[in-house]
Amino acid sequence: MSLINHEELKKQLASGEITSLDDITAGFKNILKEVIQTASQEELTSHLGYDKHQESSSPNARNGYNEKTIKSKYGEFDVSIPRDRDSSFEPQLVKKREVLLDGSEDLILSLYTKGMSVRDIQIHLDDLYGYELSTQTISNITEKVMEKANEWQSRPLDKIFPIIFMDATVLKIRVDRVVKNIACYIMLGINLEGKKEIIGIWIGENETSKYWLTLLNDIKKRGVEDVLIFAIDGLNGFNEAIKAVYPKAEI
């Protein structure tokens, strides 16, 4: 599907209406605006169950628009998002109180994971796109990652794993402006369908069998009742930690 009218674009180039990349960027913003507004109208129609100007017995109805400024990689632009009378409409393309398109959020998260400070990210966005976000907005975006990570870390697990591999790798991580060696504990399982699954990733100061014991108890609470084989290295106390939680497992 093409959102660009190629014949119209040719005419604008020939007439000199488009003379620079800025003109093309402005065109992209207009396309984004039209797509968002049209899609939001269709979302509301689906929510209400009847078209605009169509008679309906529903107590809910269209109730004007909310104006908001959207920030995107092409710059800022204003959109009009329709609303309903009882405020039950939840647009999905651009959600309520959302002012950033996903591309900008992805960039912020990428910069954050690379160790840039909130202030560095603010300056970088201003240099690239000409707008500066508040520290609270950037913090809200990065907190999404932690919420998803915690949700994934505590998800229920299968009752049986034929094989679980356990090992730790040492990573250099900047903590309070100081680079430290941190142990990253990793469990990789082979499930009953024969597929690899990362059971969990945890961070600790140093690799110890005592911490592995804590993690084994954690996966048992999350639903793992039996493991046939554990594949591990020769860390002191590792065998004993496994036998304490899964005494019938082969090592």
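Please indicate, with yes or no, whether at least one residue in the range 208-218 is modelled with pLDDT of 95 or more, over 16 Å from Ala241 (Cβ atoms), out of contact with any His (no Cβ under 9 Å at 6 or more places or on another chain) and surrounded by 17 or more Cβ atoms within 10 Å (Cβ to Cβ). So far as the range 208-218 goes, no, none of its residues is modelled with pLDDT of 95 or more, over 16 Å from Ala241 (Cβ atoms), out of contact with any His (no Cβ under 9 Å at 6 or more places or on another chain) and surrounded by 17 or more Cβ atoms within 10 Å (Cβ to Cβ). Return yes or no: is Gln92 of a type outside the set (A, V, I, L, M, F, W, C), surrounded by fewer than 17 Cβ atoms within 10 Å (Cβ to Cβ) and closer than 20 Å to Lys29 by Cα? In short, yes. Just one of (1) β-branched (Val, Ile, Thr); (2) surrounded by 13 or more Cβ atoms within 10 Å (Cβ to Cβ); (3) modelled with pLDDT of 95 or more fails for Ile251. It is (2). Report yes if some residue within the range 78-100 is in contact with a strand residue (DSSP E or B) (Cβ under 7 Å, 6 or more places away or on another chain), part of a strand (DSSP E or B) and touching a residue at least 60 places away in the same chain (Cβ under 8 Å); otherwise report no. Within the range 78-100 (the criterion being in contact with a strand residue (DSSP E or B) (Cβ under 7 Å, 6 or more places away or on another chain), part of a strand (DSSP E or B) and touching a residue at least 60 places away in the same chain (Cβ under 8 Å)), the answer is no, since none of the residues qualifies.
With respect to the stated conditions, Leu44 fails to be surrounded by 11 or more Cβ atoms within 10 Å (Cβ to Cβ), modelled with pLDDT under 75 and aliphatic (A, V, I, L, M). Screening Leu109 on (1) at pLDDT below 70; (2) in contact with a Pro (Cβ under 7 Å, 6 or more places away or on another chain) shows it passes everything except condition (2).
The values are calculated or read from the model by the stated rules, or taken from the named source; none is laboratory data. Since the model is a prediction, treat every value here as computed from it, not as a measurement. Glycine also receives a Cβ, built like all others from the backbone with ideal geometry; neighbour counts cover every protein chain displayed.
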